[in-house]
Amino acid sequence: MIYIYCFLISALLVLFIMPFYIKIMLRYKVLDKSGGRKIHKGVKVNIGGLVIFLAFAVSYIVALPYLANDNYSDSAITFLLILLCIIVFGVRDDMNSLTAKNKLVLEIIAIIFICRMGIRIDNLYGFLGIYELPLWVSYSITIFFFVVILNTYNLIDGIDGQAATQALIVFTPLFLYFFLLGDNQSTNIFHNPNFWAIISICMIGALLSFLYYNWEPSRVFMGDTGSIYIGTVIACVMISAINFNGQSINNTNLFGFEVKSKIGVVVSLFYIPLADTLRVFIARILKKKSPFTPDKSHIHHFLLRTGASHKVSTLTTLTFSIITSTIGLSLSVVFTDNVFVPLLIFMFLLYVLSVSYIAKRRLKLMKKKRICQTNLTQ
């Protein structure tokens, strides 16, 4: 029942607060103008991620008595405060852009605090024959994982609806996973699947309502405030899912099947954003440019250039994600990570070829359409 309450509270808060928030932002001209790499038309209300966080925080606090005991309360409040700090520097970045260096430093500081609370990758569960990791290696891998995930998520927030739908692809199956694991009565709140199920369902409710205002034609963007915060939560639930999946007590079956892939299956849920970012970085390096040089070479840019609308582009990337996630979940009960990870690399090559094929096909159709229009006018 608590999951229903959390979902409804976060969803309804975003649904009813957002119109007032949009009016306030319009009044004080907190807007995002088009131009440069920003491909929307006109001006849009920015920093919508603030409302998502507010709805999440309220539903999270409502759920705390369900989880609360003397061991949990301090950690639960500290986790929310860390997310609040991330929101604060996200708002600062949206209002007056931080340098990439300053943003990275602030991200790493927040991640270190998260690591110290026990949310970190401390075991590879047999991948490449590696199991438990030394503390400094655990911290290093976790910081790298967080930075990659939250910056990848930030980069895909380029068109209406895309960031929210990609987050839902991660949170929805992981909510079901944590829900099925149930309550293990751990003395650490972050080792309790119920905690992460609540986190996931709070995010699902808020993001679904946000989509109502962010779908084409959108009225509001989540901004860096939303993308950095949501990217951080995505990384947290992914790391927790990897750890629960890798623990021997949880190697039992789900729906009658043992999950053999401990790491790769979780990564596959966020595969399209990661694959697209890697594709863009490789392309920039081959052109002898910095991989961090901003441009318009992400998949949504290609789709828009071939005449697709924001809605079609978002649905296309969503379809890619559903396909790869379904394949990943299916193969995870067959292959261990030593086979699964190379398969992810092969899927990356297929993804690059698919993007190239779709772009070329749509460009040919557009060219034929222009020729037909030209002939008709003559």
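The values are calculated or read from the model by the stated rules, or taken from the named source; none is laboratory data. Note that the structure is a prediction, hence the values are computed from the model and not measured. Glycine gets a Cβ as well: all are built from the backbone with ideal geometry, and neighbour counts include every protein chain shown.
Just one of the listed residues (Phe281, Phe348, Phe340, Phe270) is under 23 Å from the mean Cα position of the chain (by Cα), surrounded by 14 or more Cβ atoms within 10 Å (Cβ to Cβ) and under 21 Å from Phe171 (Cα atoms), namely Phe270.
Taking into account only those residues within segment 284-316 that are in a helix (DSSP H, G or I) and touching a residue at least 60 places away in the same chain (Cβ under 8 Å), which is surrounded by the fewest Cβ atoms within 10 Å (Cβ to Cβ)?
Per the criteria, the residue is Lys311.
Based on this model, can you work out whether Val88 counts as surrounded by fewer than 15 Cβ atoms within 10 Å (Cβ to Cβ), closer than 26 Å to Val220 by Cα and among the aliphatic types (A, V, I, L, M)? Judged against the criteria, Val88 is a match.
The set of residues in segment 177-191 being within 21 Å of the chain's Cα centre (by Cα) and either assigned to a loop (DSSP other than H, G, I, E, B) or buried (at least 17 other Cβ atoms within 10 Å of the Cβ) (or both) consists of Tyr177, Phe178, Phe190. Candidates in segment 192-219 are the residues that are of a type outside the set (Phe, Trp, Tyr), surrounded by fewer than 24 Cβ atoms within 10 Å (Cβ to Cβ) and closer than 27 Å to Asn96 by Cβ; of these, the one that is farthest from the chain's Cα centre (by Cα) is Arg219.
Within segment 202-234, the set of residues being assigned to a helix (DSSP H, G or I) and among the polar types (S, T, N, Q) comprises Ser209, Asn214, Thr225, Ser227, Thr232.
For segment 55-78, check the following and say yes or no: at least one residue is crowded, with 17+ Cβ neighbours inside 10 Å, in contact with an Asp or Glu (Cβ under 7 Å, 6 or more places away or on another chain) and in a helix (DSSP H, G or I). No, the conditions are met nowhere in segment 55-78.
For segment 10-32, what are the residues that are part of a helix (DSSP H, G or I), β-branched (Val, Ile, Thr) and either over 16 Å from Phe53 (Cα atoms) or touching a Ser or Thr at 6+ places or on another chain (Cβ under 9 Å) (or both)?
Filtering segment 10-32 for residues part of a helix (DSSP H, G or I) gives 10-27.
Still in the running and β-branched (Val, Ile, Thr): 14, 17, 22, 24.
Residues satisfying the conditions are Val14, Ile24.
Cβ-Cβ distances below 7 Å connect the following pairs, each with a first residue in segment 71-99 that is without any contact (Cβ under 8 Å) to a residue 24 or more places away in the chain, a second residue that is outside any helix (DSSP H, G or I) and surrounded by 15 or more Cβ atoms within 10 Å (Cβ to Cβ), and a separation of six or more residues or different chains: Arg92/Leu98.
Only residues that are modelled with pLDDT under 95, over 13 Å from Tyr213 (Cβ atoms) and among the β-branched types (Val, Ile, Thr) were counted across segment 5-46, and they come to 4. Considering (1) at pLDDT 95 or above; (2) touching a helix residue (DSSP H, G or I) at 6+ places or on another chain (Cβ under 8 Å); (3) not hydroxyl-bearing (Ser, Thr, Tyr), the lone condition that Met117 does not fulfil carries the number (1). Residues that are assigned to a helix (DSSP H, G or I) and in contact (Cβ under 8 Å) with a residue 12 or more places away in the chain were ranked within segment 112-134; the one that is surrounded by the most Cβ atoms within 10 Å (Cβ to Cβ) is Ile114. The set of residues from segment 136-188 being of a type in the set (A, V, I, L, M, F, W, C) and without any contact (Cβ under 8 Å) to a residue 12 or more places away in the chain comprises Trp136, Val137, Phe144, Leu176.
Filtering segment 146-174 to residues that are over 10 Å from the mean Cα position of the chain (by Cα), part of a helix (DSSP H, G or I) and among the β-branched types (Val, Ile, Thr) leaves Val147, Val148, Thr172.
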